[in-house]
Amino acid sequence: MSVKAYGAYTCDNPLEPIAIRRRQPGASDVQIEIAYCGVCHSDLHTVRSEWQGTVFPCVPGHEIVGRVSAVGGSVSRFKTGDIVGVGCMVDSCQNCASCAEGLEQYCENGFTGTYNAPTADEPGHTMGGYSERIVVDEKFVLKITHPEEQLAAVAPLLCAGITTYSPLRHWRVGPGMKVGVVGIGGLGHMGIKLAHAMGAEVVAFTTSDSKREAALALGASQVVVSKNKDEMKAHSGTFDFILNTVAASHDLDAFTALLKRDGTLTLVGVPEHAHPSPNVASLIFRRRAIAGSLIGGIAETQEMLDFCAEKGIVSDIEMINIREIDTAYDRMQKGDVKYRFVIDNTSLAA
Ligand code: NAP
Ligand code: ZN
C-alpha cells in the first residue's frame, strides 16, 4: 500500500513529500497509524550523509508513537486501537547470544534499523517515522501506558529516553552518586530527568549560556557552562559517572578530568568527525574509563517506558509541522531546541 512520507533523495537537498510502500501486515505484524515522530540528531546525521552509507531516498524517524490499525493472525500482545511505540529497531536475527539476552541492539548479525537498513520490503531499505503508517513485527512494538494527551511528548522516549536510560542502568546510577550529563539536547535533557529520578545528584554541562537556568528545572542541581575553565575545575575528580551526549567532535579530557578514581565517561553521541585522542595518563593514574553505549534492547525499552509512566516523565518538546523539518534541523544543528522537536504526523496528509 502507498503511504505519504517525507524524505530526501540526496544529502544536499531539503526533505520533500515522497510516496513510499508499506507491506500488508504478515502474521506477526502490527500496522500502526503514526501520530507523532520525534526528530533525533541521528536523523540529521543520516539524511545529510554525515556518517557515510546513507541510502536514498531516505525517510528518517525512529521515535514513533501511534495507534494500531490492524494486526496479523498470530499477534497476541496487541489489538486494533492500542497506543504503541516503535524505536530505533524493527528486527534482529533472534538467534545470536546478544538477541538471546534481550540485547537486540548488539545483535551479532546486525539489527535492522527503523530506517536506512536492508530489508526485503520495497525499495530494499527501511523507511522511518516521517510517514503516515508503519508495519512492524510485534516483537519490536512497545506498549505505551502514559495518558494519551501526553503522547507527543512520549515519542522522544523511544530513542532519546532509552539511549540515556540504558547506560544509567548499566553503570548502576542511583542515590549517593554524582552524575554529569554533557550536552543538553534531546538525549541530554532526558539523561538529566532520568538520572534525577533514579536518585542521583545531577550536574548538567552545556555550551549554551541560555540553557543555564532552564536545565535546573529538568532536575540538575547545578549547571556548568563547559567553556568556562574555572567552573569546570571546581568539579575536578568528583564524578562517579558522566554521560556525554554531544553530537560534535570535542575535547574529552575536559570531562575525564572530572571523574573520581574508577569513574566512567560514557559516550553516546556519534559525531561526524572523530574526537581528539584522549590523554591516557588521565585515565591510567585514576583507573578511569571511557565507554560507549548504544540505544537499548526491547525489554529494557519497555522497562524505561513503564518507569517513565510511573514517575510521570516525558520529554520537553516543540511540536512542528512536517514542512518545518529543514528549519528544525538547522536549529538542532545550532543547539537551539528545548529540547526535542516532534512532528505532528497529521501534517503529512495536507
Ligand atoms: P541534539 O538534540 O542536537 O543534542 C546535542 C547537544 O550537544 C546540543 O544540544 C548541544 O548541547 C551539544 N552540542 C552540540 N554541538 C556541540 C559542540 N560543537 N560542542 C559541544 N557541545 C555541542 O542531539 P541528540 O538527538 O540528543 O543526539 C546527540 C548525539 O547522540 C547525536 O550524535 C546522535 O546521533 C547520537 N545518538 C546516539 C545514540 C546511541 O545509541 N548511542 C542514539 C541516539 C542518538 P548544549 O547546547 O547544552 O551544549
Ligand atoms: Zn535517535
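What the table below lists for this structure:
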quantity	calculated
Subset tally (residues that are more than 16 Å from ligand 1 (Cβ to nearest atom) and under 23 Å from ILE184 (Cβ atoms)) for segment 261-277	1
Residues within segment 135-149 that are closer than 25 Å to PHE307 by Cβ and open to solvent by less than 70 Å² (accessible area, probe 1.4 Å), tallied	9
Only one of ALA70, ALA35 that is under 26 Å from TYR165 (Cα atoms), more than 14 Å from ligand 1 (Cβ to nearest atom), open to solvent by less than 40 Å² (accessible area, probe 1.4 Å) and in the same structural domain as TYR130 (by TED's automatic domain parsing)	ALA35
Residue count, segment 166-199 (criterion: open to solvent by 20 Å² or more (accessible area, probe 1.4 Å) and on the phi > 0 side of the Ramachandran plot)	3
In segment 206-255, residue nearest to ILE162 (Cα to Cα) [restricted to those that are of a type in the set (Lys, Arg) and out of contact with any strand residue (DSSP E or B) (no Cβ under 8 Å at 6 or more places or on another chain)]	LYS227
Only listed residue being within 30 Å of PHE307 (Cα to Cα), assigned to a loop (DSSP other than H, G, I, E, B) and open to solvent by less than 20 Å² (accessible area, probe 1.4 Å), chosen from ALA204, ALA220	ALA220
Helices (runs of 4 or more DSSP H) contained in segment 251-318 and holding at least 2 residues not assigned by TED's automatic domain parsing to the domain that holds LEU218	298-311
Lone unmet requirement of (1) of a type outside the set (A, V, I, L, M); (2) more than 16 Å from ligand 2 (Cβ to nearest atom); (3) open to solvent by 70 Å² or more (accessible area, probe 1.4 Å); (4) within 20 Å of the chain's Cα centre (by Cα) for ARG286	(4)
Some residue of segment 163-172 being more than 16 Å from ligand 2 (Cβ to nearest atom), over 19 Å from the mean Cα position of the chain (by Cα), in the same structural domain as ILE284 (by TED's automatic domain parsing) and outside any strand (DSSP E or B)	yes
Qualifying positions in segment 105-132 - within 20 Å of the chain's Cα centre (by Cα) and either open to solvent by 20 Å² or more (accessible area, probe 1.4 Å) or of a type in the set (A, V, I, L, M) (or both)	TYR106, GLY110, PHE111, THR112, TYR115, ASN116, ALA117, MET127
Residue ID - farthest from the chain's Cα centre (by Cα), chosen from residues in segment 223-253 that are polar (S, T, N, Q) and open to solvent by less than 50 Å² (accessible area, probe 1.4 Å)	THR238
Lone qualifier among ILE18, ILE64 - being free of Cβ contacts under 8 Å to residues at least 60 places away in the same chain and open to solvent by less than 60 Å² (accessible area, probe 1.4 Å)	ILE18
Subset tally (residues that are assigned to a helix (DSSP H, G or I), open to solvent by 10 Å² or more (accessible area, probe 1.4 Å) and within 11 Å of ligand 1 (Cβ to nearest atom)) for segment 327-350	3
The listed residue being on the phi < 0 side of the Ramachandran plot and touching a residue at least 40 places away in the same chain (Cβ under 8 Å), out of ILE290, ILE320	ILE320
Top-ranked residue of segment 151-165 - restricted to ones that are aliphatic (A, V, I, L, M) and either surrounded by fewer than 24 Cβ atoms within 10 Å (Cβ to Cβ) or under 14 Å from LEU103 (Cα atoms) (or both), ranked as nearest to ligand 1 (Cβ to nearest atom)	ILE162
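The values are calculated or read from the model by the stated rules, or taken from the named source; none is laboratory data. The model shown is predicted, which means the values in this text are computed figures rather than measured ones. Positions of Cβ are generated from backbone atoms using ideal geometry, with glycine treated the same way; all protein chains shown enter the neighbour counts. Ligands, DNA and RNA are excluded from the accessible area calculation, which covers all protein heavy atoms including side chains. Shrake-Rupley method; radii C 1.70, N 1.55, O 1.52, S 1.80 Å.
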